[in-house]
Number of protein chains: 2
Amino acid sequence: MGPPWWQAKFRGCGYRITIAREVILNTLAKTEDHLSAEDIYNHIHTKHPNIGLTTIYRTLDVLTNLGLVYRFDFGDKRARYELAEGPKGAHHHHHLVCTGCNRVVDYTDFIDAEVRLLQEIEQVLSKKYGFKITNHLIQFYGLCSRCQADG
Amino acid sequence: MGPPWWQAKFRGCGYRITIAREVILNTLAKTEDHLSAEDIYNHIHTKHPNIGLTTIYRTLDVLTNLGLVYRFDFGDKRARYELAEGPKGAHHHHHLVCTGCNRVVDYTDFIDAEVRLLQEIEQVLSKKYGFKITNHLIQFYGLCSRCQADG
DNA sequence: AACTTTGTTGAAAATCGTTTCCATTTGAAA
DNA sequence: TTTCAAATGGAAACGATTTTCAACAAAGTT
């Protein structure tokens, strides 16, 4: 197998491939969670004490701009990141967010119907408002069973 | 006509009706824009120099918790607020956000289809994940015509 | 009317995720 | 290797939002 799948995309944009970037990307690839910049820092720090938090923020910016990573806001005042689907990346999903404890559930139910409708809408909106639509966001908010119980 | 429609909801929760709250609510009711806390402060400040920014933040919290106001994040690092539909409030809509200039377009196209699908999904997700769903968010992101032109 | 309880307020200070600055290091093309 | 823009870490700056705290005001209670 050749070099990691994302390196091509990297080179094409004048970006360099560095250890920090590789480590950060791998961290995101290996988790199911929705990590914040600091989460990533903590995951990495033992093995790579020389990678600073600033670099993580900068790298996440780059990755987001490249479309390799999605940035989310789940209401807990910090950005959270998720690998966009790569070759064998996670399947497309949306989020169900608990407003009580900020837990996030990924769901794929109805994804097809959602995406189908979204594409239809995108087409209409593009034309009507002259937007070039690149992305969409769907999230549901509510209370998870535990938070309902806690009152 | 009786007292403003929202006062009932207010009293029922032990909240008091104050000038600040009335002014802030009226400001939101009179605009088409998506105002930030500071925007509201600026709108108000000439006529009500005694209403501080802190009060605005606090009031917006209260209004959001009461469900009278929705809080949005359009990616410009500050919360923006919009009156929830009241008696003759704005009709239900979703947002189209320009990632270039952060302009926001309200659209109502397909709203019925969107809401219908969302309700279906909500029902399934509620059951499957034990969530009590209270809210949803749909947004499209892209470049407005002006920002496309600017390259 | 005086008192009490409790919600509300403004100003200033604190918080905290994120960015910026800047001197130094590093990747990769020539 | 030489070269040079890109990338980095640490410290300082930023900026929206929250917290603190003492003063205030609205309803109820005597």
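Computed values, structure above
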| read-out | value |
| --- | --- |
| Lone unmet requirement of (1) closer than 30 Å to B:Asp150 by Cβ; (2) open to solvent by 30 Å² or more (accessible area, probe 1.4 Å); (3) facing chain B (nearest Cβ under 9 Å) for A:Arg146 | (1) |
| Close pairs from region A:95-106: first touching a residue at least 24 places away in the same chain (Cβ under 8 Å) and under 14 Å from B:Glu122 (Cβ atoms), partner of a type in the set (Asp, Glu) and in a strand (DSSP E or B), Cβ under 8 Å, at least 6 apart | A:His95/A:Asp106; A:Leu96/A:Asp106 |
| Unique match (being assigned by TED's automatic domain parsing to the domain that holds A:Trp5, out of contact with any Cys (no Cβ under 6 Å at 6 or more places or on another chain) and either more than 14 Å from DNA strand D (Cβ to nearest atom) or among the acidic types (Asp, Glu) (or both)) among A:Val69, A:Val124, A:Val115, A:Val97 | A:Val69 |
| Within region B:79-134, tally of residues that are part of a strand (DSSP E or B) and closer than 22 Å to B:Asp33 by Cβ | 14 |
| Close pairs from region B:58-73: first within 14 Å of another protein chain (Cβ to nearest Cβ), partner within 11 Å of DNA strand C (Cβ to nearest atom), Cβ under 6 Å, at least 6 apart | B:Asp73/A:Asp73 |
| Selection count, region A:14-34, where residues are of a type in the set (Asp, Glu) and assigned to a helix (DSSP H, G or I) | 1 |
| Residue that is least open to solvent (accessible area, probe 1.4 Å), among those in region B:35-64 that are part of a loop (DSSP other than H, G, I, E, B) and within 12 Å of DNA strand D (Cβ to nearest atom) | B:Gly52 |
| So B:Leu125, is it closer than 28 Å to A:Lys127 by Cα, open to solvent by less than 60 Å² (accessible area, probe 1.4 Å) and within 11 Å of chain A (Cβ to nearest Cβ) | no |
| Filter result for A:Glu114 (of a type outside the set (A, V, I, L, M, F, W, C) and under 21 Å from the mean Cα position of the chain (by Cα)) | yes |
| Residue in region A:57-82 that is nearest to DNA strand C (Cβ to nearest atom), counting only those that are closer than 21 Å to A:Ile17 by Cα and touching a His at 6+ places or on another chain (Cβ under 8 Å) | A:Tyr81 |
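The values are calculated or read from the model by the stated rules, or taken from the named source; none is laboratory data. In this text, all values refer to a predicted model and were calculated from it rather than measured experimentally. As a convention, Cβ positions derive from the backbone with ideal geometry for all residues, glycine included, and neighbour counts pool all protein chains shown. Quick note on the areas: whole protein, heavy atoms, side chains included, nothing else; ligands and nucleic acids left out. Shrake-Rupley method; radii C 1.70, N 1.55, O 1.52, S 1.80 Å.
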